[in-house]
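Everything below concerns the one structure shown next.
Each value in this text was obtained by applying a stated rule to the coordinates, not by laboratory testing. The structure displayed is predicted, hence computed values, not measured ones. Cβ placement follows ideal geometry from the backbone for every residue including glycine, while neighbour counts extend to all protein chains displayed.
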Amino acid sequence: MNREWRVVTIAGVGLIGGSFALAIRKAGFDGKIIGVSSPSTTQAALQRGVIDQALPLADAAAQSDVIYLAQPIERILDTLGVLDTNVRPGTLITDAGSTKQAIVEQARQTIRNGRFVGGHPMAGKEARGVEAADADLFRGRPYVLSDADEQLEAWIAKIGARLVKLDPAEHDRLVALISHLPQLLSTALASLIDECPGAANVAGPAAKDMTRLALSPYDIWRDIFSTNTAEIDGVLQAAIARLETLRHNLQSRAEMEAAFARAAQAASVLRKS
């Protein structure tokens, strides 16, 4: 049963949850948005007009048509474990977690009254918190869903995101490569630069661009690493092997030129997607 969205609860009113609230409001949502977060966060969200009301999760869930879980992954898992007893039949529950297999499996085990659709908007900033929330954060960005939901898909289109449907296992395999590996490479490069005396004094745009992700705090990534360990380990091994190939290719101009050409073509295609 698909109910019209009249009351939306955002559990975790930070950058992503706050941006989703602002985005649907900008796209025409005229119902009530409830925030579930710490008192300081919900106060800031109320002051910014991100939410209309702050409530405990149980009270919010009991009146919601949609519950959007934008918490850290382990918190999402915990919330799914206790949420179902408070929701009305047919309530849509979706999330914004950066890995999907563990979350979707937990939802399958615990959600009975509501219906769950896993989600992952491929958007973000280095800045955190509701103060950084942006109504246009998702515009032009992929928004992954693990299952179909007509109304959720319609709102994803309204906020300007590009819908991508993926099986949870395929999602986790792909994001290990396109999201989790870049973070680790950036972290590794920043630490190498830090350990090389004088390197920071001559760092230009390339070093700053490549180390941008290293600004991300570990507490954001801790749950990602623990819920996608095998896939991340696999892409790390592949990256190490590719670096070894490039190291070997230093002895051959032809092989290095061919590697650069293939990479440039791939980067060009990536920028058109």
Can you give me the pair-distance distribution of the stretch 7-166, C-alpha pairs, 10 Å bins, whole percents?
12, 45, 38, 5
More than 25 Å apart: what percent of Cα pairs in the stretch 93-225 qualify?
38
Aspartates and glutamates with Cα under 14 Å of Lys208, excluding same-chain neighbours fewer than 8 positions away
Glu126, Asp194
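Can you check what the Kirkwood hydrodynamic radius comes to for the stretch 169-272, Cα pairs only, in Å to one decimal? Present the calculation step by step, with values, prior to reporting the outcome.
Numbers: mean 1/r = 0.0640 Å⁻¹.
Kirkwood hydrodynamic radius for the stretch 169-272: 15.6 Å.
May I ask for the Rg/Rh ratio of the chain, computed from Cα atoms with Rh as the Kirkwood radius, given to two decimals? Please list the in-between numbers first.
Details: Rg = 20.7 Å, Rh = 20.2 Å.
Using only Cα positions, Rg/Rh for the chain is 1.02.
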Compute the acute angle (0 to 90°) between the alpha-carbon long axis of helix 229-249 and the principal axis of greatest extent of the alpha-carbon atoms of the chain; round to the nearest 10°.
20
Quick calc: nm separation of the 7 Å Cα→Cβ label points for Ser226 and Gln251 -> 4.5
Summing Lys, Arg as +1 and Asp, Glu as -1, what charge do residues with Cβ under 10 Å from the Cβ of Val175 carry, Val175 excluded?
-1
Per the rule of 0.36 nm per residue minus the C-alpha distance, extending Ala62 to Asp134 adds in nm 23.2 nm
Based on other C-beta atoms within 10 Å, arrange His180, His120 from fewest to most.
His180, His120
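Among residues other than Ile232 whose Cβ falls under 13 Å from its Cβ, what is the net charge (Lys/Arg +1, Asp/Glu -1)?
Values: positive: Arg173, Arg222; negative: Asp172, Asp223, Glu231, Asp233.
Local net charge: -2.
Hey, what number do you get for the chain at 222 nm if only DSSP H runs of n ≥ 4 count, each worth -39500 (n - 2.57), divided across all residues, to the nearest 500? Mind showing how you got there, number by number?
Details: 12 runs with 136 residues, N = 273.
Computed ellipticity for the chain at 222 nm equals -15000 deg cm²/dmol.
Beta carbons within 10 angstrom, averaged per residue: use that to sort the peptides 237-250, 37-50, highest first. It would help to have the intermediate numbers written out before the result.
On the way: 237-250: 11.5, 37-50: 16.7.
Most protected by this proxy first, the peptides run 37-50, 237-250.
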Can you tell me the orientation of helix 181-194 relative to the chain, as the angle in degrees between its alpha-carbon axis and the longest Cα principal axis, to the nearest 10?
60
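What ranking do Arg112, Arg212, Arg25 get, fewest neighbouring Cβ atoms within 10 angstrom at the top? Working shown, then result.
Details: Arg112 10, Arg212 13, Arg25 19.
Listed from fewest to most nearby Cβ atoms, that is Arg112, Arg212, Arg25.
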Dipole-positive endmost among Ala96, Gln237, Thr79 within the chain (Cβ charges, Cα centre):
Ala96
Asp95, Asp209, Asp172 arranged by Cβ crowding within 10 Å, fewest neighbours leading:
Asp209, Asp172, Asp95
